[in-house]
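Here the structure is laid out as structure tokens; the discussion comes afterwards.
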Amino acid sequence: PQRSTQSRSSAASDVYKRQEYMGRQMKRLNSLTISLSSVKTSASVSKVIHLMDGISCIPALSQLDLSFIGLKNLSEKIVPSLERLMKAWPSITNLGLKFAETRMKDDDVLAAITNGLLGIKQLSHFLFSAIDELISDQAATKMLRAAAWSSSLQHLTAEFEKCSLIGDATVQAIGDILTFCPSITVVNITIAGTKLLTDNGVRALASGVSSRPNLTHMSINHSASLISDEGALRIMESLFVQQKLIQIFIKLQKCPITDLTAKRFIEYLESQPEIKDFSLDLYRNKVTEELKERLREMKKTRNFTRFLA
């Protein structure tokens, strides 16, 4: 038993030394992107944890992008390392986190991210992407509010695809971020594959868009039938305060959009000659051929760098 204890202690010491060595070797590294996918064995997940702890030792990191794709049972193993990782750099400015098919449990991963975000003072760019995860609406809301804690946020990307528990509270939080973060200029939102989003959340989002007239890039991607024509119209109306947009992407697939809503978007687009990058996706909606022709005519007269409709 004594030799066994000494062996474990020696192994732990070796791991810590490797992590310190990694930090020293990369002491000038300020940007790091790592994508990990389809790690299925417990041994491989252990290596992932050692890697994360090693990253925590890099002293000057200001930009970090981590992707976890298909790492089954990741949550209960990775949380302690993720908490250490999130707390390692209170001065980090750019953070991107992507999770796909990791089968998170009990929102423990999001809780670790939330606690870490509350300690970051100057976060300017935050990306969170989740695909096919059982993330609760409440946990996602807390995390997004924590991202805006320092009020220095400039770019926000929030993607929830096939996350069936996401609903109005998450979208309300995004609307609040737009309202209370004066420096935000770029917002990208994806809410797809959920049956819980209603017009209540859409109204909150539209209110946030209306309150932040200095946006330059905006993307709203929703694929379901739960946004009514009235809700979509509120989003279109909220655009009219935006005078600095140069890129806009609106995707409202399989929503009951009518000519009135589509017409308001076209009117906004016509009033903003600075918009060069444009995409409007109203797949399987009740928009007439007359409005489609109006878009095609605009394409002929405007110098768009991208025009998709």
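The values are calculated or read from the model by the stated rules, or taken from the named source; none is laboratory data. No experiment lies behind these values; they were computed from the predicted model shown. When we count neighbours, we look across all protein chains shown, and the Cβ atoms used for this are built from the backbone with ideal geometry, even at glycine. For the accessible areas, the whole protein counts, side chains as well, though only heavy atoms, and no ligand, DNA or RNA atoms are used. Shrake-Rupley method; radii C 1.70, N 1.55, O 1.52, S 1.80 Å.
Number of residues in segment 178-187 that are buried (at least 17 other Cβ atoms within 10 Å of the Cβ) and within 17 Å of Asn221 (Cβ to Cβ): the value is 2.
Applying a threshold of 8 Å to beta carbon distances and a minimum spacing of six or more residues, or different chains, the list of pairs starting in segment 244-268 at a residue that is farther than 10 Å from Asp281 by Cβ and in a helix (DSSP H, G or I) and ending at one that is open to solvent by 60 Å² or more (accessible area, probe 1.4 Å) and among the aromatic types (Phe, Trp, Tyr) reads Tyr268/Phe240. Among the residues of segment 296-307, is any open to solvent by 10 Å² or more (accessible area, probe 1.4 Å), of a type in the set (Lys, Arg), in a loop (DSSP other than H, G, I, E, B) and modelled with pLDDT under 85? The answer is yes, given that some residue of segment 296-307 is open to solvent by 10 Å² or more (accessible area, probe 1.4 Å), of a type in the set (Lys, Arg), in a loop (DSSP other than H, G, I, E, B) and modelled with pLDDT under 85.
Any chance segment 232-239 includes a residue that's surrounded by 21 or more Cβ atoms within 10 Å (Cβ to Cβ), under 22 Å from the mean Cα position of the chain (by Cα) and not in a helix (DSSP H, G or I)? Within segment 232-239, not a single residue is surrounded by 21 or more Cβ atoms within 10 Å (Cβ to Cβ), under 22 Å from the mean Cα position of the chain (by Cα) and not in a helix (DSSP H, G or I). Residues in segment 147-172 that are surrounded by 22 or more Cβ atoms within 10 Å (Cβ to Cβ), of a type in the set (Gly, Ala, Ser) and at pLDDT below 95: 3 in all. Just wondering, is there one or more residues in segment 80-93 that are touching a strand residue (DSSP E or B) at 6+ places or on another chain (Cβ under 8 Å), closer than 15 Å to Ile135 by Cβ and crowded, with 17+ Cβ neighbours inside 10 Å? Within segment 80-93 (the criterion being touching a strand residue (DSSP E or B) at 6+ places or on another chain (Cβ under 8 Å), closer than 15 Å to Ile135 by Cβ and crowded, with 17+ Cβ neighbours inside 10 Å), the answer is no, since none of the residues qualifies.
The single residue among Ser210, Ser279 that is surrounded by 14 or more Cβ atoms within 10 Å (Cβ to Cβ) and in contact with a Phe, Trp or Tyr (Cβ under 7 Å, 6 or more places away or on another chain) turns out to be Ser279.
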